[in-house]
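Take a look at the structure below.
The values are calculated or read from the model by the stated rules, or taken from the named source; none is laboratory data. Bear in mind that the values here come from a model prediction, so they are computed numbers and not experimental data. Every residue, glycine among them, receives a Cβ derived from its backbone with ideal geometry; neighbour counts consider all protein chains shown. These accessible areas exclude ligands, DNA and RNA; they are computed on the full protein's heavy atoms, side chains included. Shrake-Rupley method; radii C 1.70, N 1.55, O 1.52, S 1.80 Å.
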Amino acid sequence: MDKEKKEESSAIHPAVAPLSYLLGTWKGEGEGGYPTINSFRYGEELHFSHPASGKPVIAYSHKTWKLDSGQPMHSESGYWRPKPDGSLEVVIAQSTGLAEGTYSAEDNVIKLHSQVVANASKVREISRVYEMVNGDLHYVVQMATNLTTLQPHLKAVLKKL
Ligand code: HEM
């Protein structure tokens, strides 16, 4: 590949630029709970990349593990598509078989709210808020199930590697 082509393919699409602070690998710990389960802590790594396709898309993957044994827990992956109007479409497939279509039109704080949750035995709704605080990525995930209204399930603080 010649130099010019290479630079072209590694350029950040203008639609992705406002979210470029996410690109890279983030690692940290989180804590989870819900009215119906015991609370727990977990290790976690998030990865955001911008495929060199020239398309306005960010590929997202996430894995978690037990802090004591390192045994894998929940994982998920998907695509974040910033739109020209500044809004954001996100699709996420989870290791539990659950798929989430989320949408947001927020700015510095990224707020995602599920438009659709598919193949979930009991999950009805998912909301996610990501926020940069002093260079750390903080997030909170809430969910509603068939028995419970929107309640916190996870929160974590991650550092960029
Ligand atoms: C339990 C959904 C992410 C760890 C649950 C339950 C649901 C759920 C529906 C069962 C609650 C109940 O029994 O009433 C989700 C959704 C997620 C998510 C929608 C993402 C948006 C995670 C992550 C972890 C995690 C990242 C961490 C590593 C757990 C654990 C339980 C649980 C440990 C308790 C299992 C048990 O006691 O049987 N989750 N989860 N979840 N989740 Fe998540």
**OP:** Place a +1 charge on the Cβ of each Lys and Arg in the chain and a -1 charge on the Cβ of each Asp and Glu, then give the dipole magnitude about the Cα centre in debye, rounded to the nearest 20.
**Re:** 240 debye
Subject >> Test item: Cα-centred dipole of region 68-158, Lys/Arg +1 and Asp/Glu -1 on Cβ, debye >> reply: 240 debye
Subject >> Solvent-accessible area, 1.4 Å probe, carbon plus sulfur percent, for the chain >> reply: 53 percent
**OP:** Hey, can you find the accessible area per residue of region 33-123 for me, probe 1.4 Å, expressed in square angstrom?
**Re:** 55 Å²
**OP:** As a check on your grasp of the helix formula, calculate [θ] at 222 nm for the chain: sum -39500 (n - 2.57) over DSSP H runs of n ≥ 4, divide by the residue count, round to the nearest 500.
**Re:** -1500 deg cm²/dmol
Original post:
Between E131 and A17, what is the spin-label point distance in nm, taking each point 7 Å from the Cα along the Cα→C-beta axis?
Top reply: 2.7 nm
